[in-house]
Ligand SMILES: C[S@@+](CC[C@H](N)C(=O)[O-])C[C@H]1O[C@@H](n2cnc3c(N)ncnc32)[C@H](O)[C@@H]1O
């Protein structure tokens with residue numbers, strides 16, 4: 001169901017699958033670490049009792065104002081403008097311990113992608129910003145205009161898995177200064193040297209820049225540990241990821257908690273033994289019908305673990 005917040009729709013992905021898997025106690029304490037348009041939060045709240053609590057977090061100020069509007073009409077909801085890497089600290093300050101369920105639906109929302117002035121989309125001309133939190137860090141333009149060519153190549157390759165990374169980096173350097181999304185599109189086209197540029201190439205380069213500008217991989221790395229740490233016994237963490245780097249990171253981490261593999265455990269919570277969790281949902285993908293109705297769901301994957309006693 002599209003969310004009408006701010007007139008910019010975001011259709012929640014794997015809605016029933018995530019919400020039903022993390023709801024363990026209708027009177028419990030929950031965190032939506034990526035509130036966005038609030039679709040998952042509203043569905044969760046619909047099944048919770050009046051004494052339940054939901055902490056809604058997001059690093060995007062528009063998502064946070066959506067959440068504040070909901071909090072005005074639902075006293076179970078509290079709101080925090082913060083990255084999910086800070087979930088433990090925020091929950092503690094809010095007096096929320098032994099959390100029953102955490103939802104993380106990572107990546108960007110429809111309202112971010114569709115707003116040309118945010119600079120996330122290769123289909124809309126706008127300033128090359130791409131920051132989810134516009135009060136933090138450097139914009140995509142600042143980074144693209146100042147980074148060494150080798151660093152650009154490395155980011156396009158690592159976060160976009162783009163085979164033409166070096167050629168795109170060279171074209172970016174040649175066309176500096178870049179100011180608008182369509183300047184970056186023009187650089188990618190130039191790198192193709194007259195060949196047709198596939199939509200996937202544009203998507204991969206834009207994704208890479210976005211991941212870098214928002215430090216998404218480190219944030220997810222920290223956020224997973226922080227979320228798992230604040231769960232009570234029997235509490236569940238559900239994560240929807242959207243590209244292979246995120247899928248791998250979530251799967252590895254969940255496996256480490258479940259199996260306690262000594263190698264994997266080194267990337268897990270220090271001191272957290274294997275057998276700390278059990279899988280509830282593994283590698284769930286949206287149905288064909290969901291993808292047909294919402295093409296953005298195509299690459300989504302859901303994993304849910306439950307923390308053991
Ligand atoms: C796919 S949308 C979430 C949509 C939401 N579940 C819904 O139903 O509307 C992802 C959201 O996560 C937020 N986000 C991404 N990384 C974040 C982080 N490190 N900390 C907090 N929020 C983050 C984005 O700003 C965006 O609003």
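Across the stretch 130-142, which residue is farthest from residue 235 (Cα to Cα) among those that are surrounded by fewer than 19 Cβ atoms within 10 Å (Cβ to Cβ) and more than 10 Å from the ligand (Cβ to nearest atom)?
Across the stretch 130-142, the extreme among qualifying residues is 142.
Within the stretch 135-148, count every residue that is at pLDDT below 95 and in contact with a helix residue (DSSP H, G or I) (Cβ under 7 Å, 6 or more places away or on another chain). If you could, list the steps in order and put the result at the bottom.
The first filter runs over the stretch 135-148 and keeps only residues at pLDDT below 95, leaving 135-137.
Then keep just the ones that are in contact with a helix residue (DSSP H, G or I) (Cβ under 7 Å, 6 or more places away or on another chain); that gives 137.
Of the residues in that region, 1 qualify.
Looking at the stretch 39-54, which of its residues are crowded, with 24+ Cβ neighbours inside 10 Å and either at positive phi or more than 11 Å from the ligand (Cβ to nearest atom) (or both)?
54
Please pick out the residue among 192, 166 that is in contact (Cβ under 8 Å) with a residue 24 or more places away in the chain and surrounded by fewer than 18 Cβ atoms within 10 Å (Cβ to Cβ).
One residue alone meets the criteria, 192.
Answer yes or no: is there a residue in the stretch 91-111 that is surrounded by fewer than 18 Cβ atoms within 10 Å (Cβ to Cβ), more than 8 Å from the ligand (Cβ to nearest atom) and on the phi > 0 side of the Ramachandran plot. Show your work before the answer.
Kept after step one, since they are surrounded by fewer than 18 Cβ atoms within 10 Å (Cβ to Cβ), are these residues of the stretch 91-111: 92-95, 97-98.
Next, from what is left, pick out any that are more than 8 Å from the ligand (Cβ to nearest atom): 92-95, 97-98.
From what is left, the residues that are on the phi > 0 side of the Ramachandran plot are 95, 98.
Yes - at least one qualifying residue is present in the stretch 91-111.
Restricting the first residue to the stretch 225-242 and requiring it to be free of Cβ contacts under 8 Å to residues at least 60 places away in the same chain and over 11 Å from residue 22 (Cβ atoms), which pairs with a second residue that is within 16 Å of the ligand (Cβ to nearest atom) and outside any strand (DSSP E or B) meet a Cβ separation below 8 Å and a spacing of at least six or different chains?
Correct list of pairs: 225/253.
Return a yes/no flag: does the stretch 117-127 have any residue that is within 12 Å of the ligand (Cβ to nearest atom) and either crowded, with 16+ Cβ neighbours inside 10 Å or part of a strand (DSSP E or B) (or both).
If we filter the stretch 117-127 for residues that are within 12 Å of the ligand (Cβ to nearest atom), which is where we start, we get 118, 120.
Of the ones still in play, those that are also either crowded, with 16+ Cβ neighbours inside 10 Å or part of a strand (DSSP E or B) (or both) are 118, 120.
Checked the stretch 117-127: at least one residue is within 12 Å of the ligand (Cβ to nearest atom) and either crowded, with 16+ Cβ neighbours inside 10 Å or part of a strand (DSSP E or B) (or both).
Residues that are out of contact with any helix residue (DSSP H, G or I) (no Cβ under 6 Å at 6 or more places or on another chain), crowded, with 20+ Cβ neighbours inside 10 Å and touching a residue at least 60 places away in the same chain (Cβ under 8 Å): does the stretch 64-87 have at least one?
no
Filter the stretch 128-147 for residues that are part of a helix (DSSP H, G or I) and in contact (Cβ under 8 Å) with a residue 60 or more places away in the chain; which is nearest to residue 297 (Cα to Cα)? Break it down stepwise before answering.
Of the residues in the stretch 128-147, the ones part of a helix (DSSP H, G or I) are 140-146.
Within this subset, residues satisfying the condition of being in contact (Cβ under 8 Å) with a residue 60 or more places away in the chain are 140, 143-144.
Working: 140: 25, 143: 29, 144: 29 Å.
Within the stretch 128-147, the match that is nearest to residue 297 (Cα to Cα) is 140.
Going by the structure shown, is residue 18 within 13 Å of the ligand (Cβ to nearest atom), surrounded by 15 or more Cβ atoms within 10 Å (Cβ to Cβ) and closer than 21 Å to residue 216 by Cβ?
Spelling it out, residue 18 is indeed within 13 Å of the ligand (Cβ to nearest atom), surrounded by 15 or more Cβ atoms within 10 Å (Cβ to Cβ) and closer than 21 Å to residue 216 by Cβ.
The values are calculated or read from the model by the stated rules, or taken from the named source; none is laboratory data. None of the values given here were measured: they were computed from a predicted structure. In this analysis, Cβ positions are derived from the backbone assuming ideal geometry, glycine residues included, and neighbour counts consider all displayed protein chains.
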